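See structure below.
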């Protein structure tokens, strides 16, 4: 005898499987809202099957704190799991279907409510069969069950036969018993609050060691490590380390976690610690003979973490140019080794064939970050004099040559649209001694004017 | 003006997604800068040239024509865009040929790079063209000086020294400037003149946003992800000469050369060189003499002076006048060519009839082009052709839609060569939902929002004046203050009416004396075997290209099919030209508005007018066709005419002199010809001036021109002493009428077809119904309504049956004779051979089985005619084209009910019985009309359509009786609607009659006997929904039940309150007041209630 428990609503606390485990360890999780348990042998604990069903229903409505679900469930008892599932899904409350009475119990159910997944049928195939059944005027389980088996087999094939057996409540199968998946969590509660890194490192080391040993036992690794620190003030300090590669080296994890904790220390002392890692398949790499040697990913990750600690998190990675006309548009993306070996061009962005410009126009350009705000004098729309200062540099002088303006405007549909005119200028700013005489020195700069505000900036210097 | 510059490189939206304004915008911007000329160089075409030319002409500018052609690279597989300007007519012809060459050798939707010109072809057709070196996609784009020199030298070789200009553009871009320096160096070394252009893509800077959106649409990306595909800045707009001169201050010759080059470009579209082909006449004849002879022959045949036709002598006078004008305008060839097409159709037994203003010509009538006698009807020839108009005449020919029209079109291609004739194009523009969807996608809205935005675009013709955009957006949950939504709205408005792609006009053909491809580029249409010109109908007319419209008319096909069916089934010959003119049945049906399926008089508005107009003779039908038009409605002509006709209002004339003109229409002007004659009588206009007046008030009306003509009209009337109120009245009637009125000749042509359709429906209902069903979709009603109407008139409609049905609907002799039915409306009871009509039934064709392909349907028909099917299995074996799902569909609609099934055969042979030979068994049990039921067939279909596999192939089902229950009546009805969109059984509303009776609903047929003002309830299926623009927000519904149709009027307020029920529900109950005015019965709705009948109804015809 099998009992199916069904509840249509999502559960907040305990899962349906966890609830069902309290009645029988032989459990099939058919779907998130449906579980089936084998109740044979439960008589000694719960009495008859009917009493068991009552007990399940009674306990389900109890609040989650007392081991219940906090809501009503449908419970159905039947001689085979599939009949129990159908009954629990479509008959409210407690149903008891005696062996041989399946069609009496399920006969009036609408044909489109048949659980085709139970016989491994795909939705599309089921819809095909259903369309035919509807054309035949088959509206209920009872109608379907009444069709001759051979006729159904000839017309609808094995799928039809399986569905008909389902509708008749005559399927025979074993439960697909649920096995609890391994959980990669480790936690500890301290006797006294910890507020220093050193004692924490010992505890982290032990927890990580155990965690990595479990990962190793399952031949798994992780690319995400979550740390939950329960703090003295009752709050929680959570950190997540996302790793570019799957790893399971507890020493590396420890260093990374310590570096991260140094960068993001909890506001108060820690009273409990919980570690969780997301298990994934381990990384398999094979170095090629002709592939240039690269640092080990674990070491690289550590180095990057150390650099991030020194420089700040947003300031480390690889610059990537953005596909836009917006001047100086780039972003810092996480540095990965893959970049060294592969050059990926997006198909949607055809490579702009850089036209071979005459050699005189090829100049290196050193950008000032941030650009220097400038005072520019202009005559007839052309800049004639420029002055700009900052703590470590100044640009000042008469503009003796210029080219421009080079105008870019864009992103007009966004609030941060831009419009600016750039000029390449030669500024005669000071003199330098050449031999015995002083010669004026010309320096090439790029200045630009924000067209909306009219403000001038010096963007950089041509080397 | 000191700064001299002419823009010689512009692109309009006719470059399809590469330009962001119409040619008129460019000209307007150029005119504002006092530019004396401008050139349009659209991508691979001259699509926008006519509009550019006409706009320039209006603004006293010179329009230079050219194009940017895609040319394949000299040595590589790459390609570049070469801007070419036309210098001479030869150059224009060469440009057209080049474009035609590249377009015609690839399919319509060729990929970029497939549709290119080879360097050799370019060399062959280079004379008369001037080449620019282009911009970032031009031949010198790569900036390499050495390679650039080679390319430039090659261009000089091809186009000649002095015909290649080194093009410079400045859009404030570093790379472009570097390229400019290379180009200058190349130009200096080869002594090429420099030429400044701005590579204009839009008239004003703000249109850059549209250009960016178009770039996204073209590349299937969103603005956010388009990146560097978008423009770097908004500098590609038309700049003032001063600005351009300042930009090129360091190279003044570059701007000066634009003026010099412009002066060299002599060609404009005025000088098109188009000649209509000459008609080949026998030796010793001229086209004039040949036309005269053919006309005379026809006139002698048509004008006999008998049966009310005018005498030959009377007609001859008019014909001579027309022929003199035709000869003067050198249009003999045109008339002969049209005559030739008509002759071809006659030879091929294709119905053909001229319509439109051509019916005003006695020559056309004599030549058999039109079927309306203009002499007898005193029609005005000037409406068709006049000397002062400077415009070619327009002859529209109606043909049966479908294959026969295609035959006529192919005849023209074959006679004038593929490069001598082509269809006119139809420029599809961004409008309504398509614009909303594409702009929404480019702005990055998700599907749901795009759907909501596009649904805001109104579908009803009527627009509520209070329905502001803000309100619409607010109701859809969209805030116009939100920048993205605001952007959408602005862009949506900006793209309205910009060209999207080129389609094919429904029937306009252009024919040319020499090669048409030297007049306008040709390109392939999406339809195989068709070639289109790059200009639309209006552009062709504006540039003086004569076109012949070969229009497909569904009703012509119905008439033709009806005649064939009558010949085969009634064994009678019907000649449409000689139908009895005053058939009582026809007029009785028209007077009762019993006109479902009849041409032009079946619409709801026509039906509500017919009982008041009560047509008694043919001319009344002409009036009836013309009166339900926006012209008479807007001009308030309908009610005065009807009142005068009913004798409720005296017949008065605005001026006594107008009596002869308006007498036939009781003093109310209803036709365009009357308008012309009014102007001729009241203001002493000539025929040509009067036509000019009509055109001024016509479709392309411009305020200035209208004012000008009105002043002339009023002056003329004052000279004749017509002043004050009378003058105003005449002017008003002319103004309101010219836009939407029908020419009398056109109305008469349509009335002929309307009469013929009415005659066939009244006398040969089975044939007419079968023909109209075979030509769906057409007309105002769905097949279901047509069938129910035919059934109400006594026609027996038989179901789809694979043992009887052809692909098309056919006529059968019904097996059960029964009583002779005459139909409740007195339709003729017997056919011509004395066979009772009730013995002729209409069999639905297989085409009505939804999802059955024509190939399968025709294969069934063919195979059955070879040998009847013995079983479903037999059908399956012998017609492999029929797929399993098709078999299932056939079974579901009962089309397999009458095949003798294997079931019966095998069940007749029980175990233990001696196995008789199969053939014997069949003969024992065969009773072909004792069918199985649909579920039996469905049960069998599933078995035969499933491959049994080698093991079970020989195994027969032991008890193969179907265990399935028969379909109930409701199930059958639903299956009918789902499977065929109609039912020949009981009307769905009829099945609920008992319930409706309890609810107090009156049947449609009974409301006609009720008194005006009575509170009434009607219920039925909504078969038509209308909200016309002229009805001030009123909605009109047509409800159908098992007894007929009821017309419902819904006020705007009630519509707003019940919008969902009225728009979404198929079955409604209406409570309201009965209005019965002169036998026009309708219900003015006060309460709407949706009915939840569980029937899969066919959708209504909604008119937007």
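The values are calculated or read from the model by the stated rules, or taken from the named source; none is laboratory data. Please read all numbers here as calculations on a predicted model, not as lab measurements. Heads up, the Cβs are rebuilt from the backbone with ideal geometry, glycines too, and the neighbour counts pull from every protein chain shown.
Tabulated data for the structure shown
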{"item": "Options A:375, A:402, A:357, A:363; residue that is at pLDDT 90 or above and within 14 Å of chain B (Cβ to nearest Cβ)", "result": "A:402"}
{"item": "Residue match in segment A:106-113 (condition: away from every other protein chain (no Cβ under 13 Å) and under 21 Å from residue A:29 (Cα atoms))", "result": "yes"}
{"item": "Cβ pairs under 6 Å, 6+ apart, first in segment A:148-167 and within 9 Å of chain B (Cβ to nearest Cβ) and more than 23 Å from residue A:87 (Cβ to Cβ), second buried (at least 22 other Cβ atoms within 10 Å of the Cβ) and at pLDDT 90 or above", "result": "A:156/A:129"}
{"item": "Members of segment A:298-325 that are assigned to a loop (DSSP other than H, G, I, E, B) and out of contact with any strand residue (DSSP E or B) (no Cβ under 8 Å at 6 or more places or on another chain)", "result": "A:312, A:323"}
{"item": "Pick from segment B:145-175, criterion surrounded by fewer than 18 Cβ atoms within 10 Å (Cβ to Cβ) and in contact with a strand residue (DSSP E or B) (Cβ under 7 Å, 6 or more places away or on another chain), ranking: nearest to the other protein chains (Cβ to nearest Cβ)", "result": "B:174"}
{"item": "Tally, over segment B:181-193, of residues that are surrounded by fewer than 20 Cβ atoms within 10 Å (Cβ to Cβ) and either at positive phi or away from chain A (no Cβ under 11 Å) (or both)", "result": "6"}
{"item": "Whichever residue in segment B:968-1000 is crowded, with 20+ Cβ neighbours inside 10 Å and within 13 Å of chain A (Cβ to nearest Cβ) and, among such residues, is nearest to the chain's Cα centre (by Cα)", "result": "B:979"}
{"item": "Options B:231, B:178, B:196, B:205: the member that is within 13 Å of chain A (Cβ to nearest Cβ), surrounded by 16 or more Cβ atoms within 10 Å (Cβ to Cβ) and touching a strand residue (DSSP E or B) at 6+ places or on another chain (Cβ under 9 Å)", "result": "B:231"}
{"item": "Any pair with Cβ under 9 angstrom, 6 or more apart, that starts in segment B:755-774 at a residue that is at positive phi and ends at one that is outside any helix (DSSP H, G or I)", "result": "none"}
{"item": "Residue count, segment A:129-147 (criterion: more than 12 Å from chain B (Cβ to nearest Cβ) and assigned to a helix (DSSP H, G or I))", "result": "3"}
{"item": "So residue B:216, is it within 11 Å of chain A (Cβ to nearest Cβ), touching a helix residue (DSSP H, G or I) at 6+ places or on another chain (Cβ under 9 Å) and buried (at least 23 other Cβ atoms within 10 Å of the Cβ)", "result": "yes"}
{"item": "Enumeration of residues in segment B:234-259 that are within 14 Å of another protein chain (Cβ to nearest Cβ) and outside any loop (DSSP other than H, G, I, E, B)", "result": "B:237, B:242, B:243, B:246, B:247"}
{"item": "Single condition residue B:715 does not satisfy, out of (1) at pLDDT 85 or above; (2) within 33 Å of the chain's Cα centre (by Cα); (3) more than 30 Å from residue B:376 (Cα to Cα)", "result": "(2)"}
{"item": "Residue B:138 surrounded by 19 or more Cβ atoms within 10 Å (Cβ to Cβ), within 14 Å of chain A (Cβ to nearest Cβ), closer than 30 Å to residue B:502 by Cβ and free of Cβ contacts under 8 Å to residues at least 60 places away in the same chain", "result": "yes"}
{"item": "Residues located in segment B:307-363, provided they are in contact with a strand residue (DSSP E or B) (Cβ under 9 Å, 6 or more places away or on another chain) and closer than 14 Å to residue B:376 by Cβ", "result": "B:359, B:360, B:361"}
{"item": "Residue match in segment A:178-186 (condition: away from chain B (no Cβ under 14 Å), out of contact with any helix residue (DSSP H, G or I) (no Cβ under 6 Å at 6 or more places or on another chain), more than 27 Å from residue A:84 (Cβ to Cβ) and outside any loop (DSSP other than H, G, I, E, B))", "result": "yes"}
{"item": "Count of residues meeting criterion [modelled with pLDDT under 90 and either farther than 19 Å from residue A:389 by Cβ or not in a strand (DSSP E or B) (or both)] in segment A:422-451", "result": "11"}
{"item": "Among the candidates A:63, A:99, A:81, residue that is surrounded by fewer than 17 Cβ atoms within 10 Å (Cβ to Cβ) and touching a strand residue (DSSP E or B) at 6+ places or on another chain (Cβ under 9 Å)", "result": "A:99"}
{"item": "Residue check for residue B:223: surrounded by fewer than 19 Cβ atoms within 10 Å (Cβ to Cβ) and facing chain A (nearest Cβ under 9 Å)", "result": "no"}
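Yes/no matrix, rows are residues, columns are (1) in contact with a strand residue (DSSP E or B) (Cβ under 8 Å, 6 or more places away or on another chain); (2) assigned to a strand (DSSP E or B); (3) at pLDDT 90 or above:
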position: A:193; (1), (2), (3): yes, yes, yes
position: A:204; (1), (2), (3): yes, no, yes
position: A:207; (1), (2), (3): yes, no, yes
position: A:210; (1), (2), (3): yes, no, yes
position: A:222; (1), (2), (3): yes, yes, yes
position: A:229; (1), (2), (3): yes, yes, yes
position: A:240; (1), (2), (3): yes, yes, yes
position: A:244; (1), (2), (3): yes, yes, no
